[in-house]
Structure formats: structure tokens, C-alpha cells
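Input: a single structure, listed below in C-alpha cells.
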Amino acid sequence: MTQAQSFSSTIFRRKPVVGARAPGQAADEPHLKRSIGTFQLTFFGVGATVGTGIFIVIPEAISMSGPAVILSFLIAGIAAGLAAICYAEMASAVPVSGSSYSYAYATMGEVVAVGIGACLMLEYGVSAAATSIGWGQYLNELINNLFGWSIPNELTAAPWGVDDPGWINLPSVILVVMCGLLLIRGASESALVNTIMVSIKIGVLLLFAAVCFTAFTSSHFSPFMPEGMAGVTSAAAVIFFTFIGLDAVSTAGDEVRNPQKAMPRAIVGALIVVVSIYLLTAVASIGAQAWTEFSPDDEASLSRLANSVTGSTWVGDIIALGAVISIFSVTLVVIYGQTRILFAMGRDGLLPKTFAQVSPKTMVPVNNTVIVCGVIALLGGFVPIDALWDLVSVGTLAAFITVSIGVVILRRTMPDLPRPFKVPGYPVTPVLSVAACVWILSGLAPVTFLFFGLWVAAALLFYFLWGRRHSKLNTGPASSADEVSQ
């Protein structure tokens, strides 16, 4: 074997999946406690998805596309749905933590898995920071409505903001710290709290829709597409990052009871709930207020819209409280997903050992939680929110594309691999999933791809300088696609 062949075979080596353990994981390696059921896992997906796109992004999306934001939600939902179906098959065939990182490792090789891991770290880290920033907006609205005073701008705005900069976004930092403390207590406790918060947020959004429909005006939907198809695509790209919650479901593979059945059911179930709520809220919002009155800079827009419709503040107070709870759950689950991806990479030897360490008492990766929350708190406290959205979308889309391609590869290389769930309409469905994601990518600004490319390049440089030499596969037989087994 030549040196070039040896290098190529090393960086593209694939890892087997044995039973429900992680790729290459021995029985005595660090592992997590299986304590999450199907219902809680479904609410993980809903919790990480419903919130940001409704409470924070919807005014920006409406201002970009007008009433046709309904099409934007549909396009993003269809693209996410196609990818979700592919996730469901991969989750049933490769039921481990790590999400699309682990799926890429089993189908495309180590170097691709590292690149996808970088995408996920960007996707989850930036998403958590962005949602924590939006949390402060609704918290301020709620405090103002209840007590008549607001947190000073110096403590609610990043110092580098273009408009009215402050010192630090303190509510963002506080939220991240609270999520970190809850996650350190344990996965089952976090899942229970998330389930309660998701139930509350669904009830609040149904109340919001009911209030808005009392002021429904059909003329608000004409003209339907004032910004043309370009506006629809741009809005869909902005909205799409909120579907990160579907990926978050697949980060819990090592902590789910009966993951081969529970994970596909949770992914599909979360998708149905999320798309239904998104469409209902979008229609209700535009029906109650002309699209030209929505602004990208409008803070706590749903709360103020509810107040405008009712002529009082009590509904707006409930909406603001629901948003505070809702965005808390989004941030909680996204941080959870980030820590589990780092755990999987650390266990595989592609990150330092500290990322694979698990608390013997709570059976959770405490080190990961502290590190992740520290980084996210810095982003949320000091970086303006408008600088974060598109970076999340490009990371999410890259992960979705990888999973869709992985389904095709695994079908070809391991046709007899047990799959409790199979993609309907194969191979058309994964191909359409890739095409839809590429189309949405076209709506992102070129500068987004520049920053994204620099981030992935830095991750790959780390891999070639450190990760490749420390990979767990260096101590065992390198595997190929035909070694993937159950």
C-alpha cells in the first residue's frame, strides 16, 4: 500500500455499530444512562424547535416575504420533513448518540464525520446563543408589563450592536447558567422539565391563535407575495434553522430506552406537531396584523400583537410568559444536544478525553456542560443576535444533507442491515431532501458561507494535526462499510 493510499484509507475509515452501542464502543467505555421514553423524546424535538421560529424570527420572516411567509414555513417544513424521514431511518439503523456526526462516521468516513461534527458544533452553539438573546427580549416585556420597569439597555444588549449597544446581555447569560445547572442534575430531570415547559408553550400558542382569529382580516393576505419568490426563499432560509430540534432528537441515542423504535417515532411525531403549530401561528399573526407592520427589529412581537388585538395587557402577559418558558426549553434542549455530540466525538478519540468523561453520580457529561455553557454565555452576552441566525441555518442544512446521502450509502453498502423504519419512496425521498436543502442554501448570503467555510477548515486542521493521531480506530482494526452490523 502506498503512502497516499494509507493516508486515504485512514481518513476515510468507517466505524461499525454493534447493537445499540456507539461506533466502536466497548462495553466498558464511558456510557450514558438510558432513561428517556418516546413521549419525552418527542417533546425534546418539539421543545428545541417550537419557540425561536415563532417568538423571535417570525417578524423578520414576515417582513421579508409578506403573507407568503406561509409558503416559507411550508417549504422549510417540507425540506425538514424529507430530512426527518431520512433521520428516522438512520436513527433506527444506527441508534446512538452523536446525531449526523455518528451517521457520517458509519457511512462516509472519519474526515467527513469531523466536518459534520464541526457543522453541528456551530449549529448547536450558535443556535443556543441566539435563542438565549431572544429570551431576554420577552423577559423584559413581561417585567415591564407586570411591574412597570425594564432592565436597563446596558444589561440587555451586546456591546457590539449596531443600534443602541450596551455592556452585556445579562438575561442571556443567566438563562444559559440555569440550563447548565439543570442539565448537570441529569438527563431524566431535564427531560421532565422540558416536557412540562413544552406543554405550557403549546397551550400559550393556541391561546394566541384564538385571540388573533377574533381580529382576522382576509385583506391582510393581499398581495400574497409582495417580495416575490426571492423573498419566500430568503424567509425559508431564516426559518429553517429552527428545525434543529429534529436533529436534537437524534443526539439522545445513548439515553433512550429502545432507541431503534423510539427515535424514529419521536422524530416524525415532533415534525407533525411543529409544522402544524408554525402554520397556525403564521396565519393567525398575519390575519390580525398587516404584514407591513411587522419589523425585523420588533421585540416581543407576539405579545404586543396580542395586546393590540385585545386592547388590554393580560393576554400579552401570558404570551410573554409563554415565550419566556418556551425559549428556555429551546435553549435547554439545544445545549443538551451540543454536549452529547461532543461526548460522542470525545469517546471516539477525535476530541480530548475530558469530553468523554461522565459523572459517576448523575451519568451525564458534566465537563461538556460547563464548557459548552461557558462558550454560549459569552456569545449570548456579547454578540448581537442578527449576526447569528444564518450561521445556524447553514450548519443545519449541511447536517440534513449528510444524513440524506447517508441513507443512500447505507442502503447500497449494507442492504441487509436491520432497519425498523425505512424511508418511504426510496430513493426519491432522500434525493428530494438533498435538493430541497440545496435550494434553501441558495437563499443565504455569501458572507455566511465564508464564515462557515473558515470554521470547518479550522476543525479539519485540528483533525489532521491532532484528531487523526488520537482516533480510537488507531488502536483497533479500521472498519469499512461492510463491517457495519447490528
(request) Taking Pro159 as the residue in question, decide whether it is farther than 17 Å from Ile36 by Cβ, modelled with pLDDT under 85 and of a type outside the set (Phe, Trp, Tyr). (result) yes
(request) Would you mention how many residues in segment 249-278 are among the polar types (S, T, N, Q), under 15 Å from the mean Cα position of the chain (by Cα) and modelled with pLDDT of 80 or more? (result) 0
(request) Just need a number here: residues in segment 138-148 that are touching an Asp or Glu at 6+ places or on another chain (Cβ under 9 Å) and surrounded by fewer than 24 Cβ atoms within 10 Å (Cβ to Cβ). (result) 4
(message) Return the residues of segment 339-348 that are crowded, with 22+ Cβ neighbours inside 10 Å and under 17 Å from Tyr105 (Cα atoms); say none if nothing qualifies.
(response) Arg340, Ile341, Leu342, Phe343, Ala344, Met345, Arg347, Asp348
(request) Could you tell me whether any residue of segment 161-168 is surrounded by fewer than 17 Cβ atoms within 10 Å (Cβ to Cβ), in contact (Cβ under 8 Å) with a residue 24 or more places away in the chain and assigned to a helix (DSSP H, G or I)? (result) no
(request) Could you please find all residues in segment 250-307 being among the β-branched types (Val, Ile, Thr) and assigned to a helix (DSSP H, G or I)? (result) Thr251, Ile267, Val268, Ile272, Val273, Val274, Val275, Ile277, Thr281, Val283, Ile286, Thr292
(message) Can you list residue pairs whose Cβ atoms sit under 9 Å apart, with the first residue in segment 142-159 being under 17 Å from Ser132 (Cβ atoms) and the second being loosely packed, with under 15 Cβ neighbours inside 10 Å and of a type in the set (Ser, Thr, Tyr)? Count only pairs 6 or more apart in sequence or on different chains.
(response) Ile143/Ser150; Thr156/Ser150
(request) Return yes or no: is Ser35 surrounded by fewer than 24 Cβ atoms within 10 Å (Cβ to Cβ), touching a residue at least 12 places away in the same chain (Cβ under 8 Å) and closer than 26 Å to Pro424 by Cα? (result) no
(message) Based on this model, can you work out whether Gly117 counts as at pLDDT 90 or above and within 17 Å of Arg412 (Cβ to Cβ)?
(response) no
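Residues are listed down the side, and each one gets a yes or a no for (1) free of Cβ contacts under 8 Å to residues at least 60 places away in the same chain; (2) of a type in the set (A, V, I, L, M, F, W, C):
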residue: Gly425; (1), (2): yes, no
residue: Ile440; (1), (2): no, yes
residue: Pro446; (1), (2): yes, no
residue: Leu450; (1), (2): yes, yes
residue: Trp455; (1), (2): no, yes
residue: Ala459; (1), (2): no, yes
residue: Ser471; (1), (2): no, no
(request) Answer with yes or no whether Ala191 is under 30 Å from Ser35 (Cα atoms), crowded, with 21+ Cβ neighbours inside 10 Å and touching a strand residue (DSSP E or B) at 6+ places or on another chain (Cβ under 9 Å). (result) yes
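Listed here are the residues, each with its yes/no results for (1) touching a His at 6+ places or on another chain (Cβ under 9 Å); (2) farther than 27 Å from Pro415 by Cβ; (3) surrounded by fewer than 24 Cβ atoms within 10 Å (Cβ to Cβ); (4) not polar (S, T, N, Q).
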| position | (1), (2), (3), (4) |
| --- | --- |
| Ile56 | no, yes, no, yes |
| Glu60 | no, yes, yes, yes |
| Met64 | no, yes, no, yes |
| Ala68 | no, yes, no, yes |
| Ser72 | no, yes, no, no |
| Ala76 | no, yes, no, yes |
| Cys86 | no, no, no, yes |
| Ser92 | no, no, yes, no |
(request) Name the residue, out of Gly180, Gly186, Gly134, Gly125, that is modelled with pLDDT under 80, of a type outside the set (A, V, I, L, M) and surrounded by 15 or more Cβ atoms within 10 Å (Cβ to Cβ). (result) Gly134
(request) Looking only at segment 362-383, decide whether some residue is modelled with pLDDT under 95, closer than 26 Å to Arg13 by Cβ and surrounded by 15 or more Cβ atoms within 10 Å (Cβ to Cβ). (result) yes
(message) Being under 18 Å from Gly37 (Cα atoms) and touching an Asp or Glu at 6+ places or on another chain (Cβ under 8 Å) is the filter here; which residues of segment 88-120 pass it?
(response) Val96, Ser97, Ser99
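The values are calculated or read from the model by the stated rules, or taken from the named source; none is laboratory data. Computed from a prediction, not measured in an experiment: that's the story for all the values here. Because the Cβ atoms are built from the backbone with ideal geometry, glycine has one as well, and the counts that use them run over all protein chains shown.
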